Each structure stands twice: as C-alpha cells, then as structure tokens.
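Here the structure is laid out as structure tokens; the discussion comes afterwards.
Bear in mind that the values in this text are calculations on the coordinates, not laboratory data. What you see is a predicted model; the values in this text were computed from it and never measured. So basically every Cβ, Gly included, is an ideal-geometry build from the backbone, and we count neighbours across all protein chains shown.
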Amino acid sequence: MFRHPIDLIEHTISHYDWPMDRTSDAEMTVQLPGRWCDYSLFINWSENANTVQFTCAFDMRVQTEKRAQLYELLALANEQLWLGHFTVFGEECLPMFRYSLPLKGADIPSPDQVVDVVETALYETERFYPAFQYVIWGGRSAKEAVASAMIETVGEA
C-alpha cells in the first residue's frame, strides 16, 4: 500500500520503462519519448494544496520578438483543451503543458488517474508541438498554427 502520492505515481509510471529520477520525497522527473521530441515531465506534490501538479515541458526557448505571437498561441490552444493548460516558464519563456490533480478526500491518486493525466499531457503536447514550432521558428501567426494543429489526420502516407 502506498502512503505518499509520489510513491504511487513512481510505481505506476515505472511500467513504461521511461527514464525517471526521484529528486525528493515530493518531486520526480520523467523523460517522455514523443514523436516530435522528448518531453520532460515534472511531477510535484503540494501537501498544503493537497494537489499533484504535472508539468510537461519541451525545450523550445522563445525569442523576445516572438513572445506576443506565443501568448496569442497559448490563448488559442487553451481554448481547445478540456483538461490542463499551456503556459510558459521563466525568463527563457519555455512552453509547457500543466495539469493539477486535486486530491481532496483522498490520500493518493488512483493508478488510472495517473495514467490519464500522463497520457493527456503527452497527447496535448504532441498535438500542439507543431503549432509552437510554426510560431516560434516558422514565422506563422498563432491562428494559422492552431488551425494546422487541429487538423486530424487519418492513416499514414
């Protein structure tokens, strides 16, 4: 029986054989292999908030002159999400997907909740990664980038 949320999360994620590091009792990092790049998943437990926060970041620093378009992209992308949200971190303006899982009334999340959150984080970062590339490196507008991310492809070429 797990007594701490991070213990259960670590056990649940270990089944994927992804590289991970338990940085403290309340934190861990996981490297998620993606189609576009590897993502860094940071998992933090806040005892005060009784919440586990999952943050899925990708290494795509944003130049100062692209930040206005980036913030528009964040707003447009977030309108498309049911769970979680995109944000940026720090002065380097590192894009990331964030989801907080409140555990009011529970000591730990269920393994299914952990899998759902991790799969949602990976799905959304994979879905919108090209949109971030289009804005940051491709010179496209945020509207064009989100429109291209929303196209559902069927099959493979």
_At R0 = 35 Å, how high is the FRET efficiency between His4 and Leu83 if r is their beta carbon distance? Nearest 0.05 is fine._
0.90
*In degrees from 0 to 90, rounded to the nearest 10, what is the angle of the helix 5-14 Cα long axis to the longest principal axis of the chain?*
70
*Counting GluC sites (Glu not before Pro) as exposed when in a DSSP loop with at most 11 other beta carbons within 10 Å, what is the longest stretch of the chain free of them?*
93-151
*asked:* Quick check on the exposure proxy: order Phe89, Phe128 from fewest to most C-beta atoms within 10 angstrom.
replied: Phe89, Phe128
*If amide H atoms are built 1.01 Å from N in the plane of the peptide, which residues on other chains or at least 5 residues away come under 5 Å of the amide H of Phe2?*
none
*What is the gain in length, in nm to one decimal, between Ser24 and Gln63 on full extension, counting 0.36 nm per residue of separation less the C-alpha to C-alpha distance?*
10.8 nm
_Using θ = phi - 60° and Karplus 6.51 cos²θ - 1.76 cosθ + 1.60, couplings along the stretch 123-134 (whole Hz; Gly, Pro as x)_ = 4, 5, 5, 5, 5, 9, 3, x, 4, 4, 4, 4
*Put +1 on the Cβ of every Lys and Arg and -1 on every Asp and Glu Cβ in the chain; which of Ile43, Tyr123, Ala77 then has its Cα farthest towards the positive end of the dipole?*
Ala77
*With r as the distance between the Cβ atoms of Ser100 and Lys143 and R0 = 25 Å, compute the FRET efficiency 1/(1 + (r/R0)^6) and round to 0.05.*
0.35
_Taking only Cα atoms of the chain, what ratio of Rg to Rh do you get with Rh as the Kirkwood inverse-distance radius?_
1.00
*Pick from Gly105, Gly139, Gly84: which residue has the top mean-square fluctuation in a GNM of the chain where Cα pairs under 10 Å get a spring?*
Gly105
*What are the ³J(HN,Hα) values, in whole Hz, obtained from phi via the Karplus relation 6.51 cos²θ - 1.76 cosθ + 1.60 with θ = phi - 60°, for each residue of the stretch 40-47 in sequence order, with x given for Gly and Pro?*
9, 9, 9, 10, 10, 9, 10, 5
*Point-charge dipole on Cβ atoms (K/R +1, D/E -1) for the chain, about Cα centre, debye to 20*: 440
_Let me check against my output: what whole-number percent is the relative contact order of the chain, with C-alpha pairs under 8 Å and at least 6 apart?_
22
